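Structure, as C-alpha cells:
The values are calculated or read from the model by the stated rules, or taken from the named source; none is laboratory data. Note that this is a predicted model, so its numbers are computed, not measured. Note: ideal-geometry Cβ built from the backbone for every residue, glycine included; neighbour counts use all protein chains shown.
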C-alpha cells in the first residue's frame, strides 16, 4: 500500500477595489465627467501544495461592504446604454476596473408650417427628422418661391436663415406666414331709383326716377381667382338713396309716410310703389226743429273722398211729416252729396222742419189765433169800428161830410173831397172796404174764408214762416264756428231767441194795426 503525503501552505490575501465610470457619446466625446464608485474590500486565500503549485480561492467581499450602483446622468436629447453603472470583479491584473456608459442621440423632428393668414388656414406642412443636435438641412426659399408664383405674398418667417438650425428639441416647429395677394380696380356706374305713384284703383299719378353716380372697388384674389366687390357708394359716401316724402294730394293718403331709400345698386331696377287711397270722410245730415232750435236727429254718412253718398232724406222727412212736422228747408243736394270735404264747413247739411199744433198750427182752435169767428177783428166788423170798417161813423174815416178834406172842396171833386160822392173815396157805404166787411173778404175780416187769413185748415200762417227763416239766416251768417266742434254754436239758444223775437214781432204788428 502506497501513501501520498501533501504539504499545504496558505496565505490570506486582501484587495480594495474602486471602479471608474466613463460617460461618452457615440463619437467618443465625453458626455459627462467620470465618476468613481465607492470602495469595496475583497479577500481570498492562496495555498501552496506539495507540488509547489499556488492555488487561489474565490474573492469574497468583506462583510459589511457593498458596491453601490450609480445611475447614469440624464442628458437632453440622448439615451444611455446603461441606466446604472455596472460592476466588474477586481483582479490582480486590474484592481481598478473601468466602466463606460455610452449615450446615443435621440431621433428629433422639425415641422415647417406654411400658413395662409388671409383665411387662417394651413397651406402645407413639411416634416423633417434627424438626430438630436444634428443640423436641419432644408431649403426654405424653394417653397417660398413656389407659393409666390401661386399668388401668395410672404408676410413673416421664424425659420433661421443666417445659420443652419439644429434638431435641438424633440419637435422643432417653424411658421411661415403668407397672405393671398389681390388686384383691385375701380368701377363706375349710375344707380337709378324708380318710384311709381298711383291711386288705389291703379290709375297712375306720376312716375319718378332718381339718378345717382356711384363707384365701387373690384377685387380679384390672385390665389383663388375669386372676385369680390365693395358696396356701391355715392360721391358723399352714402350707400343708399335719400329718403323721399310722398307728394300731398288733397283727400288722399299714401300707404307710406316716408319712402325709405333703397341700396345704391345699378343692377337693381325694382320699382318702389306708392299707393294713394281716398281718405275716409263723413257727412252729417242734421234734422233741425226751427220752432225751438232743437236737433231732432243727426244722420252720419260715411264714405271715401271723391265718392257720392246714395243717401236720400225723403224717407226721414216723410217720417217727421207724419209726426206733424212741416219741411221748411232742405239743404241736402237733390243729386246727393260727394265726399269731397269742400262743399261746406264741417260737411254738414241742415234739414229744417217746423212743428204744427195738431190741427191748427198753434193758433186759437179753429181760428188761426184770431178772435173766435172773426179772424182777430172786432166781432162782426173785421177789426173796424162797428158798422164802418174802421172809419169815423158814416164817413169812412174822413171829416164828416167831406172825406177828410177842408169843408167845401179841399181840391177834391166838389162836395166830396175827391172821393166818390158820398163815400169819402170808399166803395159806397163801406168806407172803401168790401161792402159790409170793412174791406175784408165777406164774413171773415179779410182772411181766407173760415181761416182768418191762414191756409185753409192749417192756421199756420204761411206768410209768417219765410219771415222767421229770413231772420234766422241773417243771424246764422253772423255766428262763428267754435274750434274743434262739428256743431254751430248755441243753435238751440239762437232758435229759442229767434222764436221769442218773432212772437214778439207779430204782437207788435197786431198792435200797430189796431192802433191805426
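Annotations
- Residue selected from region 293-305 under the condition surrounded by 15 or more Cβ atoms within 10 Å (Cβ to Cβ) and closer than 30 Å to residue 200 by Cα, by the criterion modelled with the highest pLDDT: 299
- Complete set of residues in region 226-246 that are surrounded by 14 or more Cβ atoms within 10 Å (Cβ to Cβ) and not in a strand (DSSP E or B): 230, 232, 234, 238, 239, 241, 246
- Considering region 153-167, and only residues there that are under 15 Å from residue 127 (Cα atoms) and not in a strand (DSSP E or B), the residue that is modelled with the highest pLDDT turns out to be 159.
- Residues located in region 253-267, provided they are over 20 Å from residue 199 (Cα atoms) and surrounded by 14 or more Cβ atoms within 10 Å (Cβ to Cβ): 261, 262, 264, 265, 266
- Residue count for region 116-136, restricted to those that are outside any strand (DSSP E or B) and in contact with a strand residue (DSSP E or B) (Cβ under 8 Å, 6 or more places away or on another chain): 7
- All of 101, 155 fail the test of being assigned by TED's automatic domain parsing to the domain that holds residue 36 and either farther than 23 Å from residue 221 by Cα or under 52 Å from the mean Cα position of the chain (by Cα) (or both), apart from 101.
- Close pairs (7 angstrom Cβ cut-off, 6 or more residues apart or separate chains): over 15 Å from residue 85 (Cα atoms) in region 18-29, at pLDDT 90 or above and surrounded by fewer than 16 Cβ atoms within 10 Å (Cβ to Cβ) anywhere: 26/104
- Selection of region 182-216 for residues being in a loop (DSSP other than H, G, I, E, B) and either surrounded by 11 or more Cβ atoms within 10 Å (Cβ to Cβ) or touching a strand residue (DSSP E or B) at 6+ places or on another chain (Cβ under 7 Å) (or both) yields only 200.
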